[in-house]
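Written below as structure tokens is the structure these notes are about.
The values are calculated or read from the model by the stated rules, or taken from the named source; none is laboratory data. In this text, all values refer to a predicted model and were calculated from it rather than measured experimentally. Cβ sites come from the backbone with ideal geometry, for glycine too, and all protein chains shown count toward neighbours.
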Amino acid sequence: MARFCPECGGELTYDPVLKHNICKSCGLTFTPQQLMEAKDEIMDRRETTFDQRKKRQNEYLKWWLSKKD
């Protein structure tokens, strides 16, 4: 399963000795827990962005429909 660095997007490899994931691109290391937390944070940001976009669309639609009266 390919994993990607939450900082730079580079490919991660697992080092069984250190029990860390290491980014091939930037060299940062992550524990499995840190990767899970980063994934959750990214998903939260995506949901927030989606919610904001949906809210703007709804506000515009209400405005546009109000002008049709």
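Mind listing whichever residues of region 1-33 are loosely packed, with under 13 Cβ neighbours inside 10 Å, out of contact with any Asp or Glu (no Cβ under 7 Å at 6 or more places or on another chain) and of a type in the set (Lys, Arg)?
Passing the criteria: only 19.
Within region 37-49, is even one residue assigned to a strand (DSSP E or B) and either surrounded by 10 or more Cβ atoms within 10 Å (Cβ to Cβ) or in contact (Cβ under 8 Å) with a residue 12 or more places away in the chain (or both)?
Just the residues of region 37-49 that are assigned to a strand (DSSP E or B), to begin with: none.
Taking every residue of region 37-49 in turn, none turns out to be assigned to a strand (DSSP E or B) and either surrounded by 10 or more Cβ atoms within 10 Å (Cβ to Cβ) or in contact (Cβ under 8 Å) with a residue 12 or more places away in the chain (or both).
What residue, of 24, 68, is modelled with pLDDT under 90, more than 13 Å from the chain's Cα centre (by Cα) and basic (Lys, Arg)?
After applying the criteria, what remains is 68.
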